[in-house]
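Contents: one structure, followed by commentary.
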Amino acid sequence: MNSNPAIDGLRRILRIVKDLASLASSSNFREEASRRYPEFPSIAAHIAEQFAEECVLEAVPRIERQLEIVEKYMPPVRPALDPIAGLELGIYSRLFSDREIGFFMGYPGCCVEKFASELQIGFTKQHVGELAEVLSENQVLVITAGFIPCSLKCVKAREKGLLAVVSKEEVSRLEELEKELYHELPHFHYEYMEHYYEYLRKTSPPPTII
C-alpha cells in the first residue's frame, strides 16, 4: 500500500468510520465510541448512533470510492472529504464544536486550537501577508478546502498533506482530480461543486479575509 500523507488522512477517516460502525450492535455503543476517541467523543458517539439506527447508507462506499480515485493521482494535498459522506456523518452540521470537527478530520492541534479560540470563519490578513513569504511568482499554495491553517507556513499541516506549494502544472492535475471526484461522486453541496481545494496565489488573495 502506497504511503502518501494526503491519502493517509482519508484512510484514517475511513478507518475511524468503519470502527464506529462496528459498534452499532453493542448495547453501550455511545459510551464505547466516546471512550475510543476522546479527542472527539461527541462526534464519535453520534456516528456510532447513526450506524445503530441505520441512518448511514452512503458514507462508507463514497469514502472508499473517493480513496480509489485519489490514489490514482497521489496528490500532495488531501482533497476535502466527500460532501455527502460528511453530511451523512454529521460533520458539516453545527452539532459539534470546531475542536471536535478538527480533530476528527485529522487537522494539526495548533491549527484546530487557533481556529476554535479565535472563532475564525476564513483566511485572515495574517494569511494574506504570508503569501509573499511562501510563494514565488510561478507557484501556487494548495490547501484542503474547508481547512484553515494556523499559518501558511505551518510545518505540521504540510506534513499531514493539508497544504503544499506546487507548480502551475501540478494545479492542472489537481483540477482534473476535482472534476473526476465530482463526476464519479455527484452531489448538491453548493460549496464543493468541483471544489475540493483552495488555490492561493501571490496575485490573488484568499477568498475570505477577516
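The values are calculated or read from the model by the stated rules, or taken from the named source; none is laboratory data. Keep in mind the model is a prediction, meaning the values are calculated, not measured. Every residue, glycine among them, receives a Cβ derived from its backbone with ideal geometry; neighbour counts consider all protein chains shown.
Contact list please: Cβ distance under 6 Å, first residue in segment 7-27 and closer than 14 Å to residue 107 by Cβ, second residue surrounded by fewer than 21 Cβ atoms within 10 Å (Cβ to Cβ) and hydrophobic (A, V, I, L, M, F, W, C), pairs at least six apart or on different chains.
Close Cβ pairs (under 6 Å, with a partner that is surrounded by fewer than 21 Cβ atoms within 10 Å (Cβ to Cβ) and hydrophobic (A, V, I, L, M, F, W, C)) amount to 10/67.
In segment 129-184, what count of residues is obtained for those that are part of a helix (DSSP H, G or I) and either under 13 Å from residue 78 (Cβ atoms) or touching a Leu at 6+ places or on another chain (Cβ under 8 Å) (or both)?
11
Filter segment 185-210 down to the residues that are more than 18 Å from the chain's Cα centre (by Cα) and not in a loop (DSSP other than H, G, I, E, B), then identify the one that is modelled with the lowest pLDDT.
209
Among the listed residues 66, 126, identify the single one that is among the polar types (S, T, N, Q) and either surrounded by fewer than 16 Cβ atoms within 10 Å (Cβ to Cβ) or over 13 Å from the mean Cα position of the chain (by Cα) (or both).
Result: 126 is the single residue among 66, 126 that is among the polar types (S, T, N, Q) and either surrounded by fewer than 16 Cβ atoms within 10 Å (Cβ to Cβ) or over 13 Å from the mean Cα position of the chain (by Cα) (or both).
Which one is surrounded by the fewest Cβ atoms within 10 Å (Cβ to Cβ) among residues in segment 80-112 that are in contact with a Pro (Cβ under 9 Å, 6 or more places away or on another chain) and part of a loop (DSSP other than H, G, I, E, B)?
92
For residue 183, which of the numbered conditions (1) touching an Asp or Glu at 6+ places or on another chain (Cβ under 8 Å); (2) farther than 15 Å from residue 114 by Cβ fails to hold?
If we test residue 183 against (1) touching an Asp or Glu at 6+ places or on another chain (Cβ under 8 Å); (2) farther than 15 Å from residue 114 by Cβ, just (1) comes out false.
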